[in-house]
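Participant: Here it is, the structure, as structure tokens.
No lab work stands behind these numbers, since they all come straight from the coordinates. Quick caveat, the model's predicted, so the values are computed rather than measured. Positions of Cβ are generated from backbone atoms using ideal geometry, with glycine treated the same way; all protein chains shown enter the neighbour counts.
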Amino acid sequence: MAKFKIEYDRDGCIGAAVCEAVCPKHWKMADDGKVNLLESTKQDKEEIYIKEIDEADFESMKVAADGCPVKVIHIQNKETGEKLI
């Protein structure tokens with residue numbers, strides 16, 4: 001069961017690809033020089049993508065979020081609503 005919600009603002013991505021380097025299971029560089037959050041859902045017209053992960057993927061996703069130089073990856077605890085990153 002998914003415990004965490006990932007929110008990625010693709011519009012703000014600069015293509016540093018730290019996320020892909022540390023967490024290739026969930027991130028992949030696209031042809032336009034920005035990274036895609038794999039198996040995510042786009043929110044409306046904005047470039048916001050949402051994905052849910054379980055505890056097994058939390059640490060690698062946290063490293064990806066912490067390493068993002070423009071801080072466009074956010075992690076929220078689904079149960080408490082607490083924004084972790």
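Participant: Give me the angle, in degrees from 0 to 90, between the Cα long axis of helix 58-67 and the longest principal axis of the Cα atoms of the chain, rounded to the nearest 10.
Facilitator: It is inclined by approximately 40 degrees.
Participant: Which lysines have a Cα lying under 16 Å from the Cα of LYS3, excluding residues fewer than 8 positions away in the same chain?
Facilitator: Answer for LYS3, where 16 Å is the Cα cut-off: LYS51, LYS62, LYS78, LYS83, listed by chain and number.
Participant: Using a simple spin-label model with points 7 Å from Cα along the Cα→Cβ vector, what separation in nm is obtained for THR80 and GLU46?
Facilitator: 2.4 nm
Participant: Net charge near GLY67, counting Lys/Arg +1 and Asp/Glu -1 over other residues with Cβ under 13 Å of its Cβ?
Facilitator: Values: positive: LYS62, LYS71; negative: GLU20, GLU59, ASP66.
Surrounding charge for GLY67 is -1.
Participant: Are there GluC sites (Glu not before Pro) in the chain that DSSP marks as loop and that have at most 16 other Cβ atoms within 10 Å, and which are they?
Facilitator: On the way: sites: GLU7, GLU20, GLU39, GLU46, GLU47, GLU52, GLU55, GLU59, GLU79, GLU82; in loops: GLU39, GLU46, GLU47, GLU79, GLU82.
Passing sites in the chain are GLU39, GLU46, GLU47, GLU79, GLU82.
Participant: Let me ask something else. Excluding same-chain residues fewer than 8 positions from LYS45, which lysines have a Cα within less than 22 Å of its Cα?
Facilitator: The reachable lysines, counting only those whose Cα sits under 22 Å from LYS45, are LYS5, LYS28, LYS34, LYS71.
Participant: What 222 nm value per residue comes from the helices of the chain, counting each DSSP H run with n ≥ 4 as -39,500 (n - 2.57) and dividing by all residues, nearest 500 deg cm²/dmol? Display every interim value, and only then the final one.
Facilitator: Values: 2 runs with 15 residues, N = 85.
When only DSSP H runs of four or more count, the value is -4500 deg cm²/dmol.
Participant: How long are the semi-axes of the ellipsoid equivalent to the chain, from square roots of 5 times the Cα gyration tensor eigenvalues, in whole Å, largest first?
Facilitator: Working: eigenvalues 72, 40, 26 Å².
Computed over the chain, the values are 19, 14, 11 Å.
Participant: Let me ask something additional. Lys and Arg at +1, Asp and Glu at -1: add these up for the other residues within a Cβ distance under 14 Å of GLU79 and post the number.
Facilitator: Values: positive: LYS3, LYS5, LYS78, LYS83; negative: GLU52, ASP54, GLU55, GLU82.
Net charge around GLU79: 0.
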